[in-house]
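Worksheet: the structure to be examined is printed underneath.
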Amino acid sequence: MPTPITEHTVPWPEADVTRFTEEGLWAGAAIGTLLREVADRDPDATALTDGTGLRLTYGELADRADAAAVRLRGLGIARGERIVMQLGNSWEFVVLLLACLRAGVVPVMALPAHRRAELTYLAVHSEAVAIAVPDRTKDFDNQRLAHDLAADVRAATGAGWRVLVAGDDIEPGSVDLRSLCGPPTDRAGFDMPSPSSRDVALFLLSGGTTGMPKLIARTHDDYAYNARASAEVAGVTSESVYLVSLPAGHNFPLACPGILGVLLAGGRVVMLPSPEPVRAFATIAAEGVTHTAVVPAVAGRWLERAAEHGAGQLASLRVIQVGGARLADELAYKVKPVLGATLQQVFGMAEGLLNFTRLDDPAETVCTTQGRPLSPFDEIRIVDEQDRDLPDGQAGLLLTRGPYTPRGYYRAAEHNARSFTDDGWFRTGDICLRTPEGDLVVAGRDKDMINRGGEKISAEEIENLVYQLPSVSQVAAVAMPDPLLGERVCLYVVPRAGETVTLEEIRGQMESAEVARFKFPERLVVVEELAWTKVGKIDKKALRADIADRLKAELPGGV
Ligand code: OOB
C-alpha cells in the first residue's frame, strides 16, 4: 500500500488556513465539486473542443468525469493514490484530470517529453499505482515504455500497476482511456465522497535545480484559488474561449488560468497538440479563441508568421499571455500591433507565486515588467545574500509566501531546509527588482538551471549524467544565449589525461540514459581547466560569459 501523501507534505500554519478561508480565498470545496457545480448551472454550454470535431457540453464533460471516477475505482485505483499522467493535449487529458479531482486520485503531471528516466523517478517517488499515456507520439512508442515501466515497478514492489492508454492502438494489458473517459453507460448515479478541500489535488513538477524535479503538492483549496484568481486577472468569463497549446500538464496552461480557471469560469477550452503557428492560427479562427498562453519562443514564431501572412485569423484573440521565460522588451512591444491582442506577461512558478501584468496597465508596464503578484495576500521580499531587505529598484533574491505557495516540496525535508526560510518564505532563486509602482522585473537567476524556451533543465542532472563517461574529468553545464529559445545547454568539459570527448558521445550517453531530449546538450567546449570562484566552486558566471563571447565572435562580422 502506498503511504498517505499528507505525511510528506508541509501544510500552511493553521492561522493562515483560517485567514485564507475567512477571507474567502479558499473555497473549502474540492475542485471536482466546484466544477460539477459550474456544469449543473449551465449544462448545455460548450466546455471542451479539440480541433478535430469533438465537442463536449458542460453536462457531458461532468458526466464523463463522474463516470470515469467510478471506473477508476473499478480498476482498484483508490482515493489518495497517484497516477503519473503523461497525456498529450487531448480531450482525454481533461476528462481524466477531472475524474481524478472528483475521486481524490492524485495525478502527477509529467511532461510529454519525459522518458524512462524521469517517468521511473516520478513513479517511484510518488509511489504511483498507474500511468496514463498516449499510444504513441510521432516516432515514439509511449505505450511500450509504459509497459516496460510497469514491469519494472511490479518486479520491484510486487504491486499491481495499471497502464492507461489514449489512442487507436490499445495493446492487451492496457486500459483503453477512450472508453474509460467515455459517456456513462448506466443510470447509476455518482456515489463517491468528495475529497477534502485540504487534500492534495495534484502534483506539479518543479523547474528543478537538483538531480530530478521536486514534486509540489497542490491542494484543492490553494489550486482552485490559483485558477479562479488567475481567470479574473486575465479577464476570463463564461464567454471566453481558451486555447491550450503548451503541454497541458504545465502549471501555466493548467491553472493560470488555463484549463481549470477557464472551466471554473464557465468558459470553453480548446485542446491543440502543439503551438505550431499554421494550425494554431487556423484553430483560433475556427473556434473564435479569445485567450491563450504561450512561451516567449512561441510568441516569437507567431509574430513572424503574422508579420508574413497577416493576423486576419487572430481577429477574435483578446489576450495573449506570455510567460515561462523572460520575454525580451523588443518582442513585447510588437505583440499588440502585430497580433492585435493585449499582451499579459506572466511570471510564475509551479511552486505557487504568480505575477501578471494587468490588462489595463500602461504599455510600458506591460512590455518592460513581468507584472505584480496575483493575490493581495501574496507576500514578496527582495533580499541580499544575507536575507536583508533591499529597497525598490535594486535587484536581489526574490522570496515569497502566500495563499497558493505551499510551504515545502513533497518528501524533501533536506531540500526544504535550503529552499524555505524558517518562517516559511520560499526562495524562488529568481533575481528581481521591484519598480516604484510595485511591478517585478526579472533580472536574472541565482539557481543552477537552464531555461530552454520555458523548459527548465537542472545543470546538476546533466552534469551527473556526463560524469558517467569515463573520459570526463570535470564538467559544468551552463546556459548559452540563443535567439530562438532564449537559452540552450552548453557543456564545458575537462577530459581525463590523454582522452578525447565529443558532443556525439555525450548525447549518446544521454540517449542511453533515456532522459528527455530537450535536456541534451547542444554545444560542447573542451577546456584544460574550468574557471573557479574564490570559495572553490565552479565559476558558472564566468563560463556563461565565455560562451556568450564565443558565440558573438562566431557571428558574421564578429570579433
Ligand atoms: C513557469 O513555471 P516553472 O515552474 O516551469 O518555472 C518557474 C521559473 C521561475 O522561477 C523563473 O525562473 C522562470 O521560470 N520564469 C520566468 C518567467 N516565468 C517563469 N522568468 C522570466 N520571465 C517570466 N515571465 O514557468 C510558469 C508557471 C506558471 C505561469 C507561468 C510560468
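Results, tabulated for the structure shown:
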{"item": "Built amide H within the under 5 Å cut-off of ALA132, gap 5+", "result": "VAL84, MET85, GLN86, LEU164"}
{"item": "Amide H contacts under 5 Å for VAL269, placed H, 5+ residues apart", "result": "LEU48, THR49, TYR242"}
{"item": "Residue among THR49, THR18, VAL38 farthest towards the positive dipole end of the range 1-56, charges placed on Cβ", "result": "THR49"}
{"item": "At most 15 other Cβ within 10 Å, DSSP loop - chymotrypsin sites (Phe, Trp or Tyr not before Pro), the range 20-86", "result": "none"}
{"item": "Karplus-derived HN-Hα couplings along the range 474-488 (A = 6.51, B = -1.76, C = 1.60, θ = phi - 60°), whole Hz, x at Gly and Pro", "result": "9, 9, 9, 9, 9, 7, 10, x, 9, x, 8, 9, x, 9, 9"}
{"item": "Count of lysine pairs in the chain with Cα separation under 12 Å (8 or more residues apart, or interchain)", "result": "4"}
{"item": "Computed [θ] at 222 nm, helices only, for the chain once each DSSP H run of length n ≥ 4 contributes -39500 (n - 2.57)", "result": "-10000 deg cm²/dmol"}
{"item": "Packing rank of 108-120, 306-318, where each peptide gets the mean count of other beta carbons within 10 Å, highest leading", "result": "108-120, 306-318"}
{"item": "Sparse-neighbour loop sites [trypsin sites (Lys or Arg not before Pro); the range 150-232; at most 10 other C-beta within 10 Å; DSSP]", "result": "ARG187"}
{"item": "Unit charges on C-beta of K, R, D, E only; dipole of the range 519-559, Debye", "result": "280"}
{"item": "Estimated dipole of the chain in Debye, rounded to 20 [Cβ of Lys and Arg +1, of Asp and Glu -1, Cα centre]", "result": "340"}
{"item": "Cβ-based charge dipole, the chain, positive-most Cα from PRO257, LEU465, ALA166", "result": "ALA166"}
{"item": "Under the Karplus curve 6.51 cos²θ - 1.76 cosθ + 1.60, θ = phi - 60°, whole-Hz ³J(HN,Hα) for the range 209-221, x wherever Gly or Pro sits", "result": "10, 9, x, 10, x, 7, 9, 10, 7, 9, 8, 4, 4"}
{"item": "Heavy atoms of LYS456: accessible area, 1.4 Å probe, square angstrom to 10", "result": "50"}
{"item": "For the chain, share of DSSP beta bridges that run antiparallel, in % to the nearest 5", "result": "55"}
{"item": "Calculated from backbone phi, Karplus (6.51, -1.76, 1.60) coupling profile of the range 263-278 in Hz, x at Gly/Pro", "result": "5, 5, 8, x, x, 10, 10, 10, 9, 9, x, 8, x, 3, x, 4"}
{"item": "Span from the the range 165-197 Cα centroid across to the the range 281-358 one, whole angstrom", "result": "35"}
{"item": "The chain, accessible area per residue, ligands and nucleic acids excluded (1.4 Å, Å²)", "result": "41"}
{"item": "Accessible-area composition of the range 114-242, carbon plus sulfur, in percent [1.4 Å probe]", "result": "50"}
{"item": "Order by protection proxy (mean Cβ within 10 Å, highest first), peptides 168-175, 203-210, 46-53", "result": "203-210, 46-53, 168-175"}
{"item": "Residues with amide H under 5 Å from that of GLN474, placed H, sequence gap 5 or more", "result": "VAL494"}
{"item": "Sulfur and carbon atoms: percent of accessible area, the range 418-533 [1.4 Å]", "result": "48"}
{"item": "Dipole magnitude of the range 376-468 about its Cα centre (Cβ charges: Lys, Arg +1; Asp, Glu -1), debye to nearest 20", "result": "260"}
{"item": "Candidates per trypsin sites (Lys or Arg not before Pro) in the range 349-418, loop by DSSP, up to 12 other Cβ within 10 Å", "result": "ARG388"}
{"item": "Heavy-atom accessible surface of the range 321-360: percent carbon and sulfur, 1.4 Å", "result": "56"}
{"item": "Alpha carbon centroid spacing (whole Å) that separates the range 388-414 from the range 5-66", "result": "27"}
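The values are calculated or read from the model by the stated rules, or taken from the named source; none is laboratory data. Quick caveat: nothing in here was measured; it's all calculated off a predicted structure. Using ideal geometry, Cβ is built from the backbone for each residue, glycine included, and neighbour counts are taken over all protein chains shown. For the accessible areas, the whole protein counts, side chains as well, though only heavy atoms, and no ligand, DNA or RNA atoms are used. Shrake-Rupley method; radii C 1.70, N 1.55, O 1.52, S 1.80 Å.
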